[in-house]
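To keep things clear, I will list the structure first and then write my remarks on it.
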Amino acid sequence: MTRVSVYSSALVAFVAVLATAMIVTSIILPHWVSYSVTATDGNEFSKHIGLHKICSNVGPGPACKVFPTDELCSKDGERYFCSMWRSVGFLASFSTIMHLASLVTFLVIISGGKYKRETGWKILAGLLIFVAAVEFTLMGIVAYLFDNDEQFRVPGWGLDTSWILCTVSASVSVLCALGLGISSFVLPPEEGYEFLNDPLP
């Protein structure tokens, strides 16, 4: 029931709006939670926490280092934070794999003929919803840690670009799934070969 143009449009939306690239970028960029404050002399001090590293312009040493640090994870009460943060990193990597699986599924359905296009939307929509659920889960964990962990109680911390990119990526996945589902019921069937009934009793 779903035409090639609908799948092609959904694929373009999925890729062109960069749902896959957004989650990859959010993993690479250390901008999930950021801190910024301007001193009285006008200098700005900032920290940017990513899933696997933290970058700062405060103090000596390298600008970026591994996060969460062994020092942080050895503190009382912070082991929970470290476990949760590492879980977020795993979920983000897992969602990237699922995004790539979705892209392959798109291509298989588009090139697979009329029957696959008419029936494949259920598998694809389910996969996209699953990807979005994983991303919404990891976003929720980061938001929970941001609201409840002691290290973010100091004024100046805020959810940053990577968190927003993940939100948009999940939303695009949901919209693509909804679009495919609606089009399968609204659009007329494709023209092409029809299945014949078996003439034998």
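The values are calculated or read from the model by the stated rules, or taken from the named source; none is laboratory data. For clarity, every value in this text was computed on a predicted model and none was experimentally measured. Glycine also receives a Cβ, built like all others from the backbone with ideal geometry; neighbour counts cover every protein chain displayed.
Quick rundown of the values:
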item: Sole residue being within 16 Å of the chain's Cα centre (by Cα), free of Cβ contacts under 8 Å to residues at least 12 places away in the same chain and either over 27 Å from Lys53 (Cα atoms) or part of a helix (DSSP H, G or I) (or both), chosen from Ile97, Ile129; result: Ile97
item: Residues within the stretch 51-79 that are of a type outside the set (A, V, I, L, M, F, W, C) and exposed (fewer than 11 other Cβ atoms within 10 Å of the Cβ), tallied; result: 9
item: Subset of the stretch 123-155 that is modelled with pLDDT under 90 and exposed (fewer than 13 other Cβ atoms within 10 Å of the Cβ) - its residue that is nearest to Tyr80 (Cα to Cα); result: Glu150
item: Residue pairs meeting the criteria (Cβ under 7 Å; at least 6 apart or on separate chains; first over 18 Å from Leu145 (Cα atoms), in the stretch 33-52; second at pLDDT 90 or above and assigned to a strand (DSSP E or B)); result: Ser46/Ser34; Ser46/Tyr35
item: Options Val15, Val37; residue that is modelled with pLDDT under 60 and among the β-branched types (Val, Ile, Thr); result: Val15
item: Count - residues of the stretch 109-122 that are exposed (fewer than 15 other Cβ atoms within 10 Å of the Cβ) and under 17 Å from Ser173 (Cβ atoms); result: 1
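Residue by residue, here is whether (1) polar (S, T, N, Q); (2) in contact with a helix residue (DSSP H, G or I) (Cβ under 6 Å, 6 or more places away or on another chain); (3) loosely packed, with under 13 Cβ neighbours inside 10 Å holds:
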| residue | (1), (2), (3) |
| --- | --- |
| Ala19 | no, yes, no |
| Ile23 | no, yes, no |
| Pro30 | no, no, no |
| Ile49 | no, no, no |
| Leu107 | no, no, yes |
